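A.B. asks: Below: one structure in structure tokens.
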Amino acid sequence: MQRSLRGTQRLALCQMARPATRAAIGVPAVAIRGARPYSLAQEELSKKSPLARIRLSHVFGGLAVLGLFVTTYGLLEWYYAFSSWPEEVRKDLKTAIKARNRGDTMRSEAAFTRAIETSKTLPLEAFAPEPLLKVTGIYISLSALLESVGQHRRAMQVMQEALAFLDRYDPERGGQEGEFTLADRTRSIGLAQKIGTLALQVADTTGKDQYGQLAESYLTRALEAMIKLGGGAGVSPGEDAKLVGRDFQFPQQGEAAEDVDGARLNTVTRKSMGMTMEALADLYVRRGEHDLANPLYVQAVSSLLPTGEKAAKAPVQDRCQAALLINSLSSSMLNPPSSNNIKASKAWSLRALQLADQALNETIPDEKVQATCERARIVTEFNLGMLSEMESDVPQAVKYLQRAQTHARSVGFKDAAREATDSLQRLRRLA
């Protein structure tokens, strides 16, 4: 198992955010505190606090991960369309793709599996050019097929086999001598990233089972490789790391073509790095390790937003993704729900609302981006309602909850509308 972010590379990412970093993102310099054991007095206060019965943004959980996670691996068809394949596997690949497109999962799986087994009998040179990308591409397509029918554990196992194959040629992992290109390095990162996210999907709610451990291991591996690739490898133990998410520069950033959904093909970007940070932070939140989660959320936000006034000119999608990330941070910071943590959480939530409101005041031609921004605003309004109640400001709580209710109903966000309605009814009963 790979070492966790508690190790050396954590210096580059998991350092507590300084006021200067938060100011650059546009948030007041309010102290961020990690999770601490409750004292008996804190435990009694928490029983009386709205936090004891109020759920924050995780009631709409998975918005950022499910809708916005940017993978860094390309699908087999991209290589199949533009490259030649050995005759020995070509027929099975063609059969697999056709069967999958017809919805014949069993036939497709069998053909992909035959292609993989055949590839093991052939010399790597038979797949030139880009032999490592081609061979791992077959594994990836089989994994994607299994994932599409809900077989996440098997999909993860296939990805692990692909990464193990790639590691045999990776000099940084003791692999044999030979050419290991930047594209191969990127593929290795993408595989580790995907294995980690699949493991996170099947892990239990505590994040402490075997799949939670796998998620941490592979996401950490992907993140450490991104740090090294993007310019963070020079940070040494004991050094005061100053790099933040936006400082990383990746070799292929801005060069590779995008697919129809805007995801980069086999390319590492700051956005994919930020989403990997978010996935790892979500795992730490499950475990209650908020001191590890919070700085990762801050760094993920930084990877999406430039400094100062330039933040308002960032792509609309990035701003709304950042707003969702800020909500995750805001929720995580309420552990424990001290007055300082509530104040800090509210400061972040107000920044998230500002980002979402500004984005929605612009023309957004893409429906998916529009939906992301709407959800970011609704989740933020709901959270601000809860935070206002925790501060005993019931009128302000009602105002934010009514806004969340109205906006949720207008876009058909039923879960959020129901939560806002339930919270308003509860507040009226208490009045």
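A.B. asks: Which one of these does F165 not meet: (1) modelled with pLDDT under 95; (2) more than 25 Å from H290 (Cα to Cα); (3) hydrophobic (A, V, I, L, M, F, W, C)?
C.D. replies: The failed condition is (1).
A.B. asks: Can you go through I195, I116 and tell me which one is modelled with pLDDT of 95 or more, within 24 Å of I227 (Cα to Cα), among the β-branched types (V, I, T) and out of contact with any Ser or Thr (no Cβ under 6 Å at 6 or more places or on another chain)?
C.D. replies: I195
A.B. asks: Let me ask something else. Please list, ordered by first then second residue, the pairs with beta carbon atoms under 8 Å, 6 or more apart or interchain, first in the stretch 102-115 and touching a residue at least 12 places away in the same chain (Cβ under 8 Å) and over 11 Å from A144 (Cβ atoms), second of a type outside the set (A, V, I, L, M) and surrounded by 15 or more Cβ atoms within 10 Å (Cβ to Cβ).
C.D. replies: R107/T95; A111/D92; A111/T95; R114/D92; A115/D92
A.B. asks: Does I140 satisfy the criteria of being within 23 Å of G212 (Cα to Cα), touching a residue at least 60 places away in the same chain (Cβ under 8 Å) and out of contact with any Ser or Thr (no Cβ under 7 Å at 6 or more places or on another chain)?
C.D. replies: yes
A.B. asks: Checking the structure you have, find out if any residue of the stretch 306-322 is in contact with a Ser or Thr (Cβ under 8 Å, 6 or more places away or on another chain) and within 30 Å of S141 (Cα to Cα).
C.D. replies: yes
A.B. asks: Still on this structure: For residues that are within 29 Å of the chain's Cα centre (by Cα) and acidic (D, E), scanning just the stretch 388-431, find the one that is farthest from C373 (Cα to Cα).
C.D. replies: E419
A.B. asks: I've got another one for you. Which condition from (1) at pLDDT below 80; (2) under 25 Å from S345 (Cα atoms) is the one that G232 breaks?
C.D. replies: (2)
A.B. asks: For the condition in contact with a Ser or Thr (Cβ under 6 Å, 6 or more places away or on another chain) and part of a helix (DSSP H, G or I), what is the one hit in A371, A359, A408, A397?
C.D. replies: Going through A371, A359, A408, A397 in turn, just one is in contact with a Ser or Thr (Cβ under 6 Å, 6 or more places away or on another chain) and part of a helix (DSSP H, G or I): A397.
A.B. asks: Being part of a helix (DSSP H, G or I) and touching a Ser or Thr at 6+ places or on another chain (Cβ under 7 Å) is the filter; apply it to the stretch 164-187 and report the residue that is farthest from Q210 (Cα to Cα).
C.D. replies: T186
A.B. asks: In the set S345, S423, which member is surrounded by 23 or more Cβ atoms within 10 Å (Cβ to Cβ), farther than 15 Å from L325 by Cα, small (G, A, S) and touching a residue at least 40 places away in the same chain (Cβ under 8 Å)?
C.D. replies: The match here is S423.
A.B. asks: Looking at the stretch 320-339, which of its residues are over 15 Å from the mean Cα position of the chain (by Cα) and part of a helix (DSSP H, G or I)?
C.D. replies: S330, S331, S332, S339
A.B. asks: Moving to a separate point now. So which residues in the stretch 396-414 are more than 9 Å from I378 (Cβ to Cβ) and either among the β-branched types (V, I, T) or touching a Phe, Trp or Tyr at 6+ places or on another chain (Cβ under 6 Å) (or both), if there are any at all?
C.D. replies: Listed by number, the residues that qualify are V398, T406.
A.B. asks: Could you please let me know if T186 is hydroxyl-bearing (S, T, Y), farther than 24 Å from R287 by Cβ, out of contact with any Leu (no Cβ under 6 Å at 6 or more places or on another chain) and modelled with pLDDT under 95?
C.D. replies: Criteria met by T186.
The values are calculated or read from the model by the stated rules, or taken from the named source; none is laboratory data. In this text, all values refer to a predicted model and were calculated from it rather than measured experimentally. Cβ atoms come from the backbone with ideal geometry, glycine included; neighbour counts cover every protein chain shown.
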